[in-house]
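Engineer: Mind looking over this structure? Questions follow.
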Amino acid sequence: MRNERILMVCLGNICRSPMAEGLLRHHVQRGQLDVEVDSAGTANYHVGEEPDHRAIRCMKENGIDISRLRARQFSVRDFDDFDRIYVMDHSNYQNVMSLAKNDSHKAKVKLLLNEIDELSNAPVPDPWFGDMSDFDAVFNMLDEAAQNIVLRLAASK
Ligand code: 4NP
């Protein structure tokens, strides 16, 4: 299989998308696949910051260290640098699509939870204003979606 490049996108790049990045990388490594994984936020509020401490803690409790990740803002260049761009919710979808320059760019943008149920168009809820139980719920959704991505990539190898 050719090297696949996958970008996870949320609003701040400190809660959902770094968790999604860590989980997808974890499953990619377990499956010994050749996939590059990164994440970004549509906003610039937290550029350069480490993930939210609750996201770090939730991931650490599940054996995955994301403490060294640093937030960056999504850029138009990402449309060319990545094969797939997974967004967490409809607002991320609108923000990313508004930057697309052509149909090839637009075709790369997908709602992440459609990897669990392709017709659901369900969002990954933003846990920023929530508590640890919200981060745990987000973890479970992201984990299932990441596993499905890896299973499909492995099947198409
Ligand atoms: P994320 O969560 O998009 O999952 O990283 C958020 C983080 C920060 C803010 C909003 C959402 N904020 O408004 O600063």
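Engineer: Can you pull out the residues in the stretch 93-127 that are assigned to a loop (DSSP other than H, G, I, E, B), closer than 22 Å to V35 by Cβ and either in contact with an Asp or Glu (Cβ under 7 Å, 6 or more places away or on another chain) or open to solvent by less than 50 Å² (accessible area, probe 1.4 Å) (or both)?
Structural biologist: Across the stretch 93-127, the qualifying residues are K108, I116, V124.
Engineer: To continue, here is another question. Scan the stretch 11-35 residue by residue and report those that are within 16 Å of H46 (Cβ to Cβ) and out of contact with any strand residue (DSSP E or B) (no Cβ under 6 Å at 6 or more places or on another chain).
Structural biologist: Across the stretch 11-35, the qualifying residues are I14, C15, M19.
Engineer: Here's another thing I want to ask about it. Quick check on my filter: what residues within the stretch 52-92 are within 14 Å of the ligand (Cβ to nearest atom), within 20 Å of A145 (Cα to Cα) and either open to solvent by less than 70 Å² (accessible area, probe 1.4 Å) or polar (S, T, N, Q) (or both)?
Structural biologist: A55, I56, C58, M59, I66, Y86, V87, M88, D89, S91, N92
Engineer: Further, regarding this structure: Given the options S133, S120, S98, name the one that is more than 16 Å from the ligand (Cβ to nearest atom), within 21 Å of G12 (Cβ to Cβ) and without any contact (Cβ under 8 Å) to a residue 12 or more places away in the chain.
Structural biologist: From the options S133, S120, S98, the qualifying one is S98.
Engineer: Let me ask you something else. Can you spot a residue in the stretch 105-112 that is more than 21 Å from A145 (Cβ to Cβ) and either modelled with pLDDT of 95 or more or not β-branched (V, I, T) (or both)?
Structural biologist: yes
Engineer: Another question, then. Can you name the number of the only condition in (1) more than 19 Å from C58 (Cα to Cα); (2) charged (D, E, K, R); (3) touching a residue at least 12 places away in the same chain (Cβ under 8 Å) that D143 fails?
Structural biologist: Of the numbered conditions (1) more than 19 Å from C58 (Cα to Cα); (2) charged (D, E, K, R); (3) touching a residue at least 12 places away in the same chain (Cβ under 8 Å), the odd one out for D143 is (1).
Engineer: Determine whether the stretch 2-22 contains at least one residue that is within 13 Å of the ligand (Cβ to nearest atom), closer than 20 Å to K108 by Cα, open to solvent by 30 Å² or more (accessible area, probe 1.4 Å) and in contact with a Gly (Cβ under 6 Å, 6 or more places away or on another chain).
Structural biologist: Yes, some residue in the stretch 2-22 is within 13 Å of the ligand (Cβ to nearest atom), closer than 20 Å to K108 by Cα, open to solvent by 30 Å² or more (accessible area, probe 1.4 Å) and in contact with a Gly (Cβ under 6 Å, 6 or more places away or on another chain).
Engineer: Could you list all residues from the stretch 23-51 that are open to solvent by less than 10 Å² (accessible area, probe 1.4 Å) and in a helix (DSSP H, G or I)?
Structural biologist: Selection gives L23, L24, V28.
The values are calculated or read from the model by the stated rules, or taken from the named source; none is laboratory data. Please read all numbers here as calculations on a predicted model, not as lab measurements. Using ideal geometry, Cβ is built from the backbone for each residue, glycine included, and neighbour counts are taken over all protein chains shown. Calculation scope for accessible area: heavy atoms of the full protein, side chains included, ligands and nucleic acids excluded. Shrake-Rupley method; radii C 1.70, N 1.55, O 1.52, S 1.80 Å.
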